[in-house]
Amino acid sequence: VYKRQDLDCARDEPVHVTVVFAMYGEQDRMLPPADHPVGEDFLVRKIDQLEWLFAGLPSFSWDLLAVDDGCPNGSGGLAADILSRRAPNAPARVLYLRDGIEQRSPVLGGLRSTDDSRKGGAIQYGMWQSVESAGPDRVVAYTDADLSTHLGQVGLLVDPIVRGGFDAAIGSRREPLSVVIKGGARDERGLKFIATWRRMLPILGEITDTQCGFKAWRADVAREILSGLIERQFAFDVELLIKTELRRKGSVARVPIAWIDSEAASTTPQFDPYLGMLKSIAAMYRRYLTPEPEPDEVASLVERAATVEQVFR
């Protein structure tokens, strides 16, 4: 875990930070609270948070990329309208995953339509658009569409990369210094999910929170690991972490963060996602790692399972 106490990101060399997030079904949460019961005004608030963070740091510049993941309700169009009316001078723009597919983006190989993506394709496309021709003086981060993670914390990801020598930094809700506010009971199935994938992927070491939507990479590293991906859905984070660790072991910093669950109008699927994610992780194990007895046994169990209960029993 990255424990630097001094998180002042001021430095002499210029650094550009891009923040990417995916949108699907976000047409209500994008509105101000006065205009909708679940409105968060998250696009304008993300811009405000980044402006606050980087104010007074002349060595830093930033931009924000909102990627429409094939939203049937026009999230991309609404975001573009909000930017034009309320933040016309902000370094923010909207991308559309469908454009990347039509233009055959090199990181979207095998993606036939936006229907094949569940967040993963949109994030990968946004990251690639940022790093395609960028050097190591750029950091690309991604976050969730909602406001669970205040972007004033982006400095916590940037610092271990630009000053600590790490290739990537991930926000982790499971560190002793993390602050997590979450409604509802403790998710026992979520803990079983973590225990299961960790048995398949010992390469990830002490990483436990693969699914926190708050991660960053040095641009040249991101450009390298974004090629040849197989996962476009909710387990895409895991594949990026595997490829980062295979490239250079111990190069991922774990960063404690403050995280407040945003459940209203959540676009997380209502069905149980765990089995599909575990099957994707089993496919990653087969593709990237040398077979070992215990991981192989767990991967085989996951591959045979028709329900997640058959894995968690």
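The values are calculated or read from the model by the stated rules, or taken from the named source; none is laboratory data. Note that the coordinates shown come from a computational prediction; the quantities given were computed from them, not determined experimentally. Because the Cβ atoms are built from the backbone with ideal geometry, glycine has one as well, and the counts that use them run over all protein chains shown. The accessibility values were calculated without ligands, DNA or RNA, using every heavy atom of the protein model including side chains. Shrake-Rupley method; radii C 1.70, N 1.55, O 1.52, S 1.80 Å.
Summary table below
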quantity: Hits in the range 16-51 (condition: out of contact with any Leu (no Cβ under 9 Å at 6 or more places or on another chain) and farther than 15 Å from L83 by Cα); calculated: H16, Y24, G25, D28, P33, A34, D35, H36, P37
quantity: Complete set of residues in the range 148-171 that are farther than 10 Å from W217 by Cβ and part of a strand (DSSP E or B); calculated: G171
quantity: G77 in contact with a Leu (Cβ under 6 Å, 6 or more places away or on another chain) and either more than 26 Å from A253 (Cβ to Cβ) or crowded, with 21+ Cβ neighbours inside 10 Å (or both); calculated: no
quantity: Restricting the range 10-42 to residues that are charged (D, E, K, R) and modelled with pLDDT of 95 or more, the residue that is most open to solvent (accessible area, probe 1.4 Å); calculated: D35
quantity: Residues of the range 213-233 classified as surrounded by fewer than 18 Cβ atoms within 10 Å (Cβ to Cβ) and aliphatic (A, V, I, L, M), total; calculated: 1
quantity: Residue check for A145: surrounded by 14 or more Cβ atoms within 10 Å (Cβ to Cβ), under 14 Å from the mean Cα position of the chain (by Cα) and either outside any helix (DSSP H, G or I) or of a type outside the set (D, E, K, R) (or both); calculated: yes
quantity: Helices (runs of 4 or more DSSP H) within the range 179-274 that include 2 or more residues at pLDDT below 95; calculated: 188-200
